[in-house]
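What follows is calculated from the coordinates using simple rules that are stated; it is not laboratory data. Since the structure is predicted, the reported quantities are computational estimates derived from the model, not experimental observations. Every residue, glycine among them, receives a Cβ derived from its backbone with ideal geometry; neighbour counts consider all protein chains shown.
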Amino acid sequence: MIIKEEFLSKLRRFFNLNLYEVKIWTALLSRGVSTAGELSDIANVPRSRSYDVLESLEKKGFVVMKLGKPIKYIAVPPKEVLERVKRNVETEAKEAVKKLTDLRGTDVITELSTLHTQGVELVEPSDLSGSLKGRHNLYNHLELTIRNAEESFTLMTTSQGLLRKVEGFLPTFEKLKKRGVKIRIAAPITKENEHVVKELKGLAEVKHSDTKARFCIVDKKEIIFMVMDDEEVHPTYDVGIWVNTPFFASALDELFELAWKALKTVDIKR
C-alpha cells in the first residue's frame, strides 16, 4: 500500500495519531476487514507493535474488533470517526477548561501570584519588556495589558486592526468604561470598518487618522507597539514589542496628544 507521506502527516495532525496508528488505520480502511498480521505487512509496521496500535485505535473509536478466530478488525467509516474525534475533543476541552476555572481562588493561584509579585518587586521597571511573536500571542498580551488599565487606554491602529480589536476586545472595552477608564482610538475609518465604530459609541472616542502606525499606551506606563505592516505580514510572523517604562510611555502619550488634537472626531449615528 503506497500512501504519500504528506497525506499521512495531515491525518496525524487532524486526528492526533502517531505514525504507526495512521499507517495501520489507512491500511485497514483499504481492506475494510483484516487481521493484525495482514495489516502489519500492508502498513510496514512491526508485528510486535500492530496489536498495541490496534488496541489504541479501538479505544479511540477508529476500529472495531470482530468476534471469532482469528481476531479481525473492522474499519469504522471515516465520517463516523470524524464525529467521534470531534466529540472527544469537545469533552476533553470542557474538562480542561473546568479544571483551569476551578483553580481560581485556590491556594495554587495564590502562591503563584505571591511568587510573581515578589519577583516583580526585585526587577527594574526598564527590564520589564519583551518581544511578542505571532498575532495570537501578541493579542493575548495586548488583552492582558488593556484589562489592567486604571486610567487611560490609547490605541492607534490600521483599518483592519480596528476590526480585529473591536471583534476581540469589545467586552474588555465595556468593562474599562464601567471602571471609568478613558479610551481613545485613532485609525483609518473606511466603509469596511465604520460599522464597528458604531459598536464603540459610548465606550470610546474615535478619530480618523491616515497615519500608518500600530501601538497602544496604557496608563502612560506601558506600551505595546507592532513593528510590522499588517497588510504585508502573515499573522504568524507578526511581531510586537512590550515595554513597561513610564518615562517612554509618557513621552509617546504627549506626542500622541499633539496629533490627537488635530484629528477629526468620527461620529457615526446608529
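Summary table
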item	result
Dipole of the chain, positive direction: furthest Cα of VAL196, ALA36, TRP260, with charges on the beta-carbon	ALA36
Two-decimal ratio, the chain, of alpha-carbon radius of gyration to 2.2 N^0.38 Å	1.46
Whole-Å distance, taken between Cα centres, linking segment 52-87 and segment 129-179	46
DSSP beta bridges in the chain [antiparallel fraction, %, rounded to 5]	75
Which of LEU82, LEU203, LEU39 has the fewest Cβ neighbours within 10 Å, and the rest in rising order	LEU82, LEU203, LEU39
Relative intensity, log₁₀ I(q)/I(0), of segment 162-216 from a Debye sum that treats every alpha carbon as a point, q = 0.25, 0.30 Å⁻¹	-1.09, -1.43
Residues HIS141, HIS234, sorted so that the one with the fewest Cβ neighbours within 10 Å comes first	HIS234, HIS141
Modelled FRET efficiency - R0 51 Å, THR211 with ILE71, Cβ distances, 0.05 increments	0.15
Rg/Rg_globular for segment 126-265, with Rg_globular taken as 2.2 N^0.38 Å and Rg from C-alpha atoms	0.97
